[in-house]
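To keep things clear, I will list the structure first and then write my remarks on it.
What follows draws every value from the coordinates through simple rules; no lab data is involved. Quick caveat, the model's predicted, so the values are computed rather than measured. Cβ placement follows ideal geometry from the backbone for every residue including glycine, while neighbour counts extend to all protein chains displayed.
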Amino acid sequence: MPLQVSVVTPEREVWSGEAGFVVARSEGGEVGVLPGMAPFLGVLRHSVLKIEPSDGGEIWLAAHGGFLEVFEDRVTVLTPVAEIADEIDVERARSAKERAEAALRQEETPETLEAARRAEARLRAAAAVGTAVYD
């Protein structure tokens, strides 16, 4: 039996469908989800999600905060912001990363750290599908 996966933001359902495997990085580390997994609830910061749909291929997303819940072969990601990797503006993400790194050199604040982590997650997701090179 496949997993029923939903990635949801306050504005919309970003992706939903059947999948055989999901990977995400929670605060506790990387989590791989297969059908039949025990219930799980994890906190996401800036995470790259990999979904392997039942019909083949891979879907990569950047999720910025929220939760990952696994219950009875259902995987739900509730996040304030999620971006499908193919839709990420790579140049904008690179510029954001450069600005965040420059700000971090001036003063490390929670805001500058979050901006850098958000840009990194976006670039990692884009790199996973080959639309960017992550360095």
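For the chain, modelled as a GNM with alpha-carbon contacts under 10 angstrom, which of GLY36, GLY28, GLY65 fluctuates the most?
Result: GLY28 has the largest fluctuation of those listed.
In degrees from 0 to 90, rounded to the nearest 10, what is the angle of the helix 110-128 Cα long axis to the longest principal axis of the chain?
Compared with the principal axis, the helix lies near 60 degrees.
Using only Cα atoms, find the angle between the long axis of helix 90-106 and the longest principal axis of the chain, and express it within 0 to 90 degrees, rounded to the nearest 10.
Between the helix axis and the principal axis of the chain, the angle is about 60 degrees.
Which shape class applies to region 3-85: rounded if a/c is under 1.5, otherwise prolate when a/b exceeds b/c and oblate if not, where a ≥ b ≥ c are the square roots of the Cα gyration tensor eigenvalues?
Rounded is the answer for region 3-85, as its axis ratio a/c remains below 1.5.
In the chain, which longest range has no GluC sites (Glu not before Pro) that are both DSSP loop (not H, G, I, E or B) and surrounded by at most 16 other Cβ atoms within 10 Å? Before the final figure, lay out the partial values.
Working: sites that count: GLU11, GLU27, GLU58, GLU72, GLU107, GLU108.
Between the exposed loop sites, the longest stretch runs 73-106.
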